[in-house]
Amino acid sequence: MKKIALILIIFCILFSGCIGPSEPPEELPEDFEIEYGSGAMHLEWGQYNLKIDNMGNAVFEKTQGTDLSRKYEFTANEAELKIIYGAVMINNFFSLDDQYEDPAIMDGGWTEISIKANGERKTVKLLNYSQRQFEKVEAKIVGLIVSKLGDDAFSFTDLLDE
């Protein structure tokens, strides 16, 4: 019986991410900040950047090339920030490596998330790579952007219309 329990514990740790908290935290750190960036390796194909300060003030900027840029400002409330912070904690974001890269791909895309919480800052960058825990945090950030700016938030048509 003890062997079975030990095997289940080991399985849980290795394969299901049981090390982190399973419930989102109830309190949002006072210094919680988010920076998010994503784009193509070629500047002319476009990129997105988001910064949210500890008061929930957000600036989302999309750029294409060196001369097309547009900024959008919005406010994220505490409940929305808690969703992202919960994803950060549940997915052990602070324990991820600083960078994940597929060196076999020269073009493609990059994504970077930087989180500040409880006096610590952690930045993780993906270069043509897929990392499940990172992507779960990214999904919450992207969801916030779309909920605030609409389904076309990641479209470049508004830059081309200028």
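Applying the set (1) outside any strand (DSSP E or B); (2) at pLDDT 95 or above to GLU112 leaves exactly one unmet item: (1).
Taken over the range 105-129, residues that are farther than 21 Å from MET89 by Cβ and open to solvent by 30 Å² or more (accessible area, probe 1.4 Å) amount to 7.
Do the conditions hold for ASN91, that is, is it touching a residue at least 60 places away in the same chain (Cβ under 8 Å) and at positive phi? Judged against the criteria, ASN91 is not a match.
Rundown of residues vs (1) under 16 Å from ILE113 (Cβ atoms); (2) open to solvent by 20 Å² or more (accessible area, probe 1.4 Å); (3) assigned to a helix (DSSP H, G or I), yes/no style:
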{"position": "ASN49", "(1), (2), (3)": "yes, yes, no"}
{"position": "ALA58", "(1), (2), (3)": "yes, no, no"}
{"position": "LYS62", "(1), (2), (3)": "no, no, no"}
{"position": "ARG70", "(1), (2), (3)": "no, yes, no"}
{"position": "LYS82", "(1), (2), (3)": "no, yes, yes"}
{"position": "GLY86", "(1), (2), (3)": "yes, no, yes"}
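Here THR66 qualifies as in contact with a helix residue (DSSP H, G or I) (Cβ under 9 Å, 6 or more places away or on another chain) and exposed (fewer than 12 other Cβ atoms within 10 Å of the Cβ).
Quick one: is ASN54 in contact with a strand residue (DSSP E or B) (Cβ under 6 Å, 6 or more places away or on another chain), open to solvent by 50 Å² or more (accessible area, probe 1.4 Å) and assigned to a loop (DSSP other than H, G, I, E, B)? Taking the combined requirement at face value, the residue satisfies it. Give the range 130-147 a look and list any residue that's surrounded by fewer than 17 Cβ atoms within 10 Å (Cβ to Cβ) and outside any loop (DSSP other than H, G, I, E, B), or say none. Matches in the range 130-147: ARG132, GLU135, LYS136, ALA139, GLY143, VAL146, SER147. Are any of the residues in the range 105-125 within 26 Å of MET41 (Cα to Cα), touching a Pro at 6+ places or on another chain (Cβ under 9 Å), in contact (Cβ under 8 Å) with a residue 12 or more places away in the chain and basic (Lys, Arg)? Yes, the range 105-125 contains at least one residue that is within 26 Å of MET41 (Cα to Cα), touching a Pro at 6+ places or on another chain (Cβ under 9 Å), in contact (Cβ under 8 Å) with a residue 12 or more places away in the chain and basic (Lys, Arg). Among the conditions (1) under 14 Å from GLU138 (Cα atoms); (2) charged (D, E, K, R); (3) in contact with an Asp or Glu (Cβ under 6 Å, 6 or more places away or on another chain), the only one that GLU80 does not satisfy is (3).
The values are calculated or read from the model by the stated rules, or taken from the named source; none is laboratory data. The structure displayed is predicted, hence computed values, not measured ones. Because the Cβ atoms are built from the backbone with ideal geometry, glycine has one as well, and the counts that use them run over all protein chains shown. Just the protein is used for accessible areas: all its heavy atoms, side chains included, with ligands, DNA and RNA removed. Shrake-Rupley method; radii C 1.70, N 1.55, O 1.52, S 1.80 Å.
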